[in-house]
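This report refers to the structure that appears directly beneath it.
Only the coordinates and a few stated rules stand behind these numbers; no lab work does. None of the values given here were measured: they were computed from a predicted structure. Note that we place each Cβ from the backbone using ideal geometry, even for glycine, and neighbour counts take in every protein chain shown.
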Amino acid sequence: MEGNATELTGFTDEAKAGVGLVTVALAILTVALNSLAIVSFVVFSSLRDKSSDFLILNLAVTDLLLGLLVLPFSIARKMQGEWYFGSVTCKLWRSFDVCLCLQTLWTAMFISVDKYVYTSHPQRYTVIVTTMRLRIIIVSSWCVAVAFSFILNMTDIAIDRTSVTLVPPDSCMYVLDSRYAVSAFFVNFACPSLVILGTSYHTFRAVNQQHRQVEALMSNNALHVRGQGIQADSHQLSEVKSIKALSVLLTILVVMWSPRFVVLFVDAVCYCVHPVLLETCTWIGYCNSVVNPMLYAFNDRYRKAYRKLLHCDFHSEVLDDSDQHMNPIAGVSRPNPKP
């Protein structure tokens with residue numbers, strides 16, 4: 001079953017209040033931290049220097065929408081044990097939940113492929129990956145995610161009609177058709193996850209090797225290595241570290257969303273998953289929207305942007321232009337990617 005209304009039965013009033021406070025805090029943090037990331041992107045042009053930065057923006061927007069459109073209704077349903085907002089709102093809520101979940105995974109997949117190209121084909125990166133192409137990919141992914149989730153949920157074509165009697169009234173619960181659930185598991189989760197983990201592993205290995213080379217050069221006070229074209233300076237080292245952190249971020253994203261999809265897959269086959277387990281796995285996935293903007297701070301540019309915004313400094317740039325255009329893998333300066 002998806003969308004289970006799990007009332008906190010068997011809990012003391014203090015425990016219920018504690019769960020309510022934790023979930024509300026998670027929702028507030030989701031909105032606040034992702035808003036901080038988005039404002040940083042808008043205010044500081046250096047965060048828009050690379051075309052791939054728009055993918056990070058897209059992920060932050062997705063997480064923000066989850067905090068605004070999905071989490072408040074999830075909290076209300078969890079605390080009240082019933083759905084008081086009507087059937088149409090229920091379908092809309094389910095649609096946004098599925099849409100934003102899909103968009104999160106797809107955006108993570110796009111980011112992982114982008115970094116794979118960055119490390120595998122550094123000299124041709126700006127030719128392969130352009131701002132215009134990324135904008136087309138982002139818009140297309142939103143169109144597909146919205147069409148997929150809203151058509152399925154608003155028309156109920158993915159509902160198992162034979163199990164309708166299992167669904168309590170006014171609960172905003174529904175039983176997925178097993179064929180849809182299995183296909184959705186592989187298409188919407190398994191395939192993107194395999195791409196993310198595979199490309200992230202390759203990227204992490206390549207950049208980790210580059211990291212060791214740069215540190216060795218810096219320790220020897222080397223300025224240049226002939227034949228490799230590696231500029232040994234702190235800016236390269238910072239860039240290498242940020243790519244490694246991004247690979248870790250993507251892996252954490254897959255790990256945190258895995259329980260929900262695995263449990264849904266099992267439940268579609270046997271209808272044997274306890275609602276509390278499904279609710280817990282769902283909230284583990286939701287927590288990823290809080291973790292993502294925290295992990296952005298491992299990137300020097302975002303960390304400095306966060307610090308400036310928190311100190312109400314909206315005028316100075318995060319980094320100088322000279323810090324922005326070096327590809328540490330290729331070791332050559334690169335211009336801003338053009339559409």
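Points to keep in mind about this one:
- By the rule of a C-alpha distance below 24 Å, with chain neighbours fewer than 8 residues away ignored, the lysines paired with K50 are K115, K241, K244, K304, K308, K338.
- Förster-model FRET efficiency, 56 Å R0, A15 and V127, C-beta, rounded to 0.05: 0.45
- Extension reserve of the F314-T280 stretch, reckoned as 0.36 nm per residue once the Cα distance is removed: 8.3 nm
- Segment 64-138 and segment 20-38: distance between their alpha carbon centers, rounded to Å: 16 Å
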